[in-house]
């Protein structure tokens, strides 16, 4: 077991001090990882209704909002603060690889299909926290209470 740990943290063999250094290093690394995980919300990968989507966005300013529509659709109008990541682009999955997996994301598209499929891909890629606007912005436009909350 010590051999695996030594290999992972790159400690060279030391005659008398090797084992204590490895043990101390292991606990330091474990402590840093634990501290990082304590700042993260529990894993959340799910589709939510328009009201929950907007409530979550307004409650947490750290959420990155992603519009998965084409640039043409995006340029016709989008939710405030959105960035455009085109789901239909040939390099969509590579664009996802450029995103930080520990950042919370809220994704949407026009009618819900693209964001639902993107949600599954992001889950497979081990993103930590992603919500999807079920039904897309079409569903949001049918929920005046959610729209009102979005623009408060």
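The values are calculated or read from the model by the stated rules, or taken from the named source; none is laboratory data. Just so we're clear, the structure is a prediction, and the values are computed from it rather than from any experiment. In this analysis, Cβ positions are derived from the backbone assuming ideal geometry, glycine residues included, and neighbour counts consider all displayed protein chains.
Note on segment 80-110: residues that are more than 24 Å from residue 42 (Cα to Cα), surrounded by 13 or more Cβ atoms within 10 Å (Cβ to Cβ) and in contact with a strand residue (DSSP E or B) (Cβ under 6 Å, 6 or more places away or on another chain) amount to 2.
So that you can scan it fast, the table gives a plain yes or no per residue for (1) part of a helix (DSSP H, G or I); (2) more than 19 Å from the chain's Cα centre (by Cα); (3) exposed (fewer than 11 other Cβ atoms within 10 Å of the Cβ); (4) modelled with pLDDT of 95 or more:
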{"site": "29", "(1), (2), (3), (4)": "yes, yes, no, no"}
{"site": "40", "(1), (2), (3), (4)": "no, no, no, no"}
{"site": "55", "(1), (2), (3), (4)": "yes, no, no, no"}
{"site": "69", "(1), (2), (3), (4)": "no, no, no, yes"}
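The numbered conditions (1) within 19 Å of the chain's Cα centre (by Cα); (2) farther than 19 Å from residue 139 by Cβ; (3) not in a loop (DSSP other than H, G, I, E, B) are all true for residue 62 except (3).
Name the helices (runs of 4 or more DSSP H) wholly inside segment 83-152 in which the number of residues that are farther than 15 Å from residue 66 by Cβ, in contact with a helix residue (DSSP H, G or I) (Cβ under 9 Å, 6 or more places away or on another chain) and at pLDDT below 95 is 2 or more. So that I can check it myself, show each step before the final result.
Numbers: elements: 92-97, 113-124, 136-141, 144-150.
Because the criterion is at least 2 residues that are farther than 15 Å from residue 66 by Cβ, in contact with a helix residue (DSSP H, G or I) (Cβ under 9 Å, 6 or more places away or on another chain) and at pLDDT below 95, the helices (runs of 4 or more DSSP H) in segment 83-152 that meet it are 136-141, 144-150.
Per the conditions (1) within 16 Å of residue 140 (Cα to Cα); (2) at pLDDT 95 or above; (3) exposed (fewer than 11 other Cβ atoms within 10 Å of the Cβ), the sole criterion not satisfied by residue 77 is (2). Across segment 57-67, the number of residues qualifying as touching a helix residue (DSSP H, G or I) at 6+ places or on another chain (Cβ under 9 Å) and modelled with pLDDT of 95 or more comes to 4.
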